[in-house]
Every structure is written in structure tokens, then in C-alpha cells.
Amino acid sequence: MNSPEQPLLPQINSPEDLRKLDLPQLKILAQEIRDYMLAVVSVNGGHLAPNLGVVELTLALHTVFDTPSDQLIWDVGHQCYAHKIITGRRDQFPTLRQAGGLAGFPKREESPYDAFDTGHSSTSLSLATAFAASRDLQGQKHHVVAVIGDGALTGGMAYEALNHLGDLQTGLTIVLNDNEMSIDQNVGAMSNYLVRMRTDPRYGKTKKDLEQLLRKIPRVGPQVAKTIDRFKDSLKHLLVPGMLFEEMGLVYLGPVDGHDIAALRRVLKRAKQMDKPVLVHVLTRKGQGYAPARENPDKFHGIGPFDLASGQVKENGSGLTYTQVFGETLAALAAADPKIISLTAAMSAGAGLDKFTNIYPERAFDVGIAEQHALTFAAGLAACGFRPVAAIYSSFLQRGYDQILHDICLPNLPVTLAIDRAGIVGEDGPTHQGIFDLSYLGNLPNLVLMAPKDEQELQQMLATALAYPGPAALRYPRDKGRGLSLLKDPQPLPVGRAEILREGKDLTIFALGSMVYPALEAAEILARQEIEATVLNARFVKPLDQKTLLQTVKTTGCLLTVEENVQSGGFGQACLTALQGKVQARVEIAALANQFVPQGKRAELLEQAGLTGQKLAQRALLLLGGRG
């Protein structure tokens, strides 16, 4: 390596280069990585706080383990920025989360250092267990490492994997990235002592030798050994915080300061020597190295472009987001109904529930990253007479499909599903696009499914759901509203009734939710060419307003359906089914293709999908041109 005066980061093209650095150089490099990360994320947005917190851990992992031969799996993956920077993607990093650029999460097609495509929580331990079992089946000798956060460890899937791993007893290192605990100096002194004792190879050997020696003493030896074992176990329960993991069959090492590279390397080297499951407990600080993120880690967990000097988010337009409208309305409706309960799965702020939680803390439940539990918990509350509202992102709600079907819809319980981030989400990419919910919910009996065209209609739909005697779901985008003033007393809508916004004789445009205003724009463009279009706001996917649909299509003979969901099993196909055998018409379904949507700006992705006013007008002209 060159002299210390020169920046180190431009010289790092792979972990091989890292392994040539000494400890002082690694500390300098950690700061350079943080500076680079801040420069890029302040422009592109992204998951900043968790990534700032794992820089030293990332360097320690890549210097101790022989990646990519040793396989490294990041749970969720929203802490992989430093990993990407040092594994040959440094120069591409400014394209982070941009169309055609680097994904914000691990992606196998990007690099051999990305062992698996991740994006949802609590999957790493299942994957790592499988990778270790596959290694053993093939007679290979490499190491497998999983990095999981304390939040992800609240997911039940993680414990299912731990249970299996404890039974397999194969070599695997789990790094628990605990960024909620502080590193207290007094507790840290005892912890450091325990870490040194338990990570020193001589400790295990001495303990084993002592036990063997005691058991050789005639008559009293075995009993003395058993007594010492009992005393040792009692002491461990008092002093060692990892007894839960040890009871599950893992060796526990830690806790260790996650910003001390030397300590991290020492513990990871010890874990690497073991041929059994090991959990390394690492304490890190979200937002490390950037004061605004340290002071407000929730805000900087996932953030848009911001001013680097002040930490202030750069606002994109004015007006409330749909999420904010939902939160305001739910809090207002709860004032008149003490039976309303809010539920979320570790996304209270993201789902807009802060106000509700502050006003009604006893009626607000955040169950952690446990969507399945959240939904069955909601079902139980509903069975006991409450009106639970589960606010969950679309791409996360799919994790609890069985609970929606079996525990909510089958017993026909009045649970409201507030589906945030429905449709194109944008820069977070394919793991987070909410483009499947109409398809996976549309076939469930008893469920009312709706989508608002604007913020006032969202308010009305929330009131509709809370007045409905069975399960109901409303989906809304990650976007700002139309700038409309909020209704003071939103009233329920007639269930299953569409809204006629514009009447015409040449074409019916049947649009849902976020696509209603683009449909109106398309109708205006067509009107300039003397084509008169009827525009219907569907409001409801289930029950579909078949009466209004059939009446208008009989008149126009042409139907263009528009939705922000994949075509397969979506709103357009429900309309086709409704028309079948009743009305002859030319039909075009404007929807997202049946494929995963990469990262990019929401507006760009909608344009590419043909879901803009101009593109819809072009599709309508093609449809009309084919009419005999």
C-alpha cells in the first residue's frame, strides 16, 4: 500500500487489498468509507443509519474470512453498502438505487461476494444453515457467516432456523449485530473479561483437561466434576447474556464492541476455529460517525436525499403523503371509537402510526418483525370485539398470506388491512415493489378490497373498512396525495360501488386507485382528437361494480382497464371475468408486466410500464384503431 497520506479507499478493489492493511490503516479506511457513503446517500437516499453502524464489522469480516470462498450472508441486506464498496463496486457506488445502477441490497448477479439476493428480514439463518449443510454434503471446507440484526431476530423464521441449526451442529458463524444496546463502561469491563476468557483457545482446552483429571480421581472425582459443572452452569446463567443461544446448541461469544476492529477480529478468528454453530454478539451504534443519524436513527434508517451539512431532508413538493393521511385519519377516527386498535410489524413510523401511538399508547401494538404473528394477533383482537387496523407494507404483507386466509378471512373477522407502499415503490427495488397484493388478495372469500384515487377517498375507505362487519383491505402508494384538504368527518362509501367521473360514447377507461388521475389525463388527450371516453373510478376490486361496468361497456364496446399491479390475477383480469358471456367488447389491460421490477424512480418506472396519461392515451388509440 501507498503512504498513509494518500487516501486508502481508491486502492481497495477487493478484500485481498484489505488484508494487506494494518490496524491503524483499517481505522483510517473506516472513516473514508463513511465519508464516501454519506456523500452518495445524501444525493441518492438510502438506508444510511444501519450502514454507518457496520463499517468496522464489515472490514473485520472481510479480513478474517476468505470471501468470497467463505460465504457471507447479510440479513435484509440494508447494511451492505460498505460491503459493496470494498468488493469491487466502489466506482459504481454513486449509481446506488438508480435505474440500471447498483441495487440497495445484495444481488448475486452484481458480484460473487453477494451470496444471496436478500431484502426481507429474518431469512439469513435459514439460508446460512442451508449453505452449511450443502457444504457438508459436498465435502467442502469453507466457512459460512450470517449477519443478522437484533430487529431481524424478532422474526419467528430466525428461531425456526436456530432450532434446526442446534440439531445439525454444523460449523456456522452467526454475527448478531445488536444496535439497540449501548456499551456501558462498567458492564463492558465484565463483558470484555468474559469475552477474553471465552474466546481464548486455552480456556476450552484447560476446562476439558481439568474435567478429565477430576474424573480420574477414584470415587470422589466424578461427583466433584458434576458439582463444578452445576456451579459453572449457575454462574453462566448469572453472568453470561448468551445462555438462550447456548441452550439452543450454539456457542456464544460476546458481547464485543462493534466499532473496535481489533476486538472484532480476535473474536471472529476464534469463531472461525470452531466446527460447531457459534453466535458472535456485536454491539454497534446506528448512524455511527454522523451526528444527525446518531441522534435520529429512525429518520435515517431509510431516508431520501438530504443536506449533508444539516441533515435536513430535501422535500419533493408539498402536501401530505398517503401514509400521513392514513395516520391522521386513523387517530381521528379512534377518538370516537375506543375499539380501534393499531398494529404494525416494526414499522410504526414508516406506516404513519406515530400520532396514534402518542395519543393512544395502550391501543397501539408494534409486534416486531413478525407479520404472521401480527395478523393472527389482529384476528384474535377482532374475535374479542375490537377493530384492529394492521398497517403493513404490501411487500411485507405477503409474508402473512396464510394468516390472512385462515385466521382472518375464513372466520370472517373485522380486521382492516392498511396496505402501504402498494404498487411501484421505487429505489428499493424488486424486493420492495408492492405489485402483487391485488393478485394474492383478490381471490380470498369475504375480503373487501379497495384502492383510493386521492387522499380524501383514502379517508372514506378507512371509514368504510372500520364500519364493515368483515375483513377489509385498502391499498395506497408510497407517494404524496393530490394536495386536497382532509375531510373532517369521512363517511363510509357504498361497498362495491364505482364512481363515474366522465362520460363518453367511444371508450370505457376503468381505472383503480393511483391510476385514476392518469386515466382522466388520457381522456383529456383523447378528447382533443374528438374521442369521447367514459372514465370510471373502480374504488373496489372486491366486490367489483359489475353493473356499472357492463352498462358502460355495452355503450362503448371498448374497455381499457388500468391498475398499478401485475396483470396476472389483477384488477383487469377480474373485469374480463365479469364481462365473459355477458358483453362482447375489445379489451386492453394496462398493468405491470408479470415480472419483478428493478430499482429506479417511481415516475421513471411508471413511464416504462406505460402507466402515464400520455401512454394510456396511445394504448387507447391502438385499441380503438382495431375496432371494426
Would you mind counting up the charge near residue 282? Only other residues with Cβ under 9 Å from its Cβ, with Lys and Arg at +1 and Asp and Glu at -1. -2
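Order 591-602, 426-437 from most to least packed using the mean count of other Cβ atoms within 10 Å.
Top to bottom by mean Cβ count within 10 Å: 426-437, 591-602.
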Put a dot 7 Å past each Cα toward the Cβ at residue 35 and residue 92; how far apart are the dots in nm? 2.5
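Percent of Cα-Cα pairs more than 25 Å apart in region 295-413, please.
Result: 30 percent of Cα pairs exceed 25 Å.
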Considering all projection directions equally, how large on average is the shadow of the alpha-carbon convex hull of region 429-562, in square nanometres? 9.4
Can you give the calculated 222 nm mean residue ellipticity of the chain, where each DSSP H run of n ≥ 4 adds -39,500 (n - 2.57) and the sum is split over every residue, rounded to the nearest 500 deg cm²/dmol? -12000 deg cm²/dmol
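Net charge within 15 Å of residue 34 by Cβ-Cβ distance, Lys/Arg positive one each and Asp/Glu negative one each, not counting residue 34 itself?
So the surrounding residues net to +3.
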Take the Cα gyration tensor of region 283-352, multiply each eigenvalue by 5, square-root it, and list the three semi-axes largest first, rounded to whole angstrom. 29, 17, 8
If we count every other residue with Cβ under 14 angstrom of residue 501's Cβ, Lys/Arg +1 and Asp/Glu -1, where does the sum land? -3
As an exercise, take the mean of 1/r over every pair of distinct alpha carbons in region 497-624, invert it, and state the Kirkwood radius in angstroms. 14.4
Kirkwood Rh and Cα-based Rg: tell me the resulting Rg over Rh for region 1-134, rounded to two decimals. 0.95
Cut-off 17 Å (backbone N to label point 7 Å along Cα→Cβ of residue 272), residues of region 48-78: 56-73
Amide N proximity, region 595-622 versus residue 521 label position 7 Å along Cα-to-Cβ, cut-off under 17 Å: 601-621
Quick one: helix 221-239 against the long Cα principal axis of the chain, what's the angle to the nearest 10°, folded into 0 to 90? 40
What FRET efficiency comes out for the pair residue 291/residue 551, r = Cβ-Cβ distance, R0 = 60 Å, nearest 0.05? 0.45
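Given the chain, what percent of its DSSP beta bridges are antiparallel, to the nearest 5? Present the calculation step by step, with values, prior to reporting the outcome.
Values: 9 of 64 bridges.
The answer is about 15 percent antiparallel.
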What FRET efficiency comes out for the pair residue 402/residue 309, r = Cβ-Cβ distance, R0 = 56 Å, nearest 0.05? 0.70
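With all distinct Cα pairs included, what does the Kirkwood hydrodynamic radius of region 441-501 come out to in Å, to one decimal, could you say?
12.4
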Could you calculate the FRET efficiency of residue 159 with residue 134 from 1/(1 + (r/R0)^6), where r is the beta carbon distance between them and R0 is 25 Å, rounded to 0.05? 0.70
Rg (one decimal) and Dmax (whole number) from the Cα set of region 351-410, in Å, equal 11.7, 33
Give me the three principal axis extents of the chain from the C-alpha atoms, as integers in angstrom, largest value leading. 99, 60, 49
Correct semi-axes for region 402-452, from √(5λ) of the alpha-carbon gyration tensor and rounded to whole Å with the largest first, are 24, 11, 9
Taking Cα atoms, how many degrees apart are the long axis of helix 185-199 and the longest axis of the chain, rounded to 10 and kept between 0 and 90? 70
Counting only heavy atoms of protein chains, what accessible area per residue, in Å², does region 272-430 have with a probe of 1.4 Å? 40
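Does region 269-308 classify as rounded, prolate or oblate by the C-alpha gyration tensor (a ≥ b ≥ c root eigenvalues; a/c under 1.5 gives rounded; else a/b over b/c gives prolate, otherwise oblate)?
Judged from the Cα gyration tensor, region 269-308 comes out prolate (a/c at least 1.5, a/b above b/c).
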Just to confirm the number: angle between the C-alpha axis of helix 55-64 and the first principal axis of the chain, 0 to 90 degrees, nearest 10? 60
Computed on Cα atoms, the radius of gyration and Dmax of region 241-342 in angstrom are 22.0, 61
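The values are calculated or read from the model by the stated rules, or taken from the named source; none is laboratory data. Bear in mind the structure is a predicted one, so any value in this text is a computation, not a measurement. In this analysis, Cβ positions are derived from the backbone assuming ideal geometry, glycine residues included, and neighbour counts consider all displayed protein chains. The accessibility values were calculated without ligands, DNA or RNA, using every heavy atom of the protein model including side chains. Shrake-Rupley method; radii C 1.70, N 1.55, O 1.52, S 1.80 Å.
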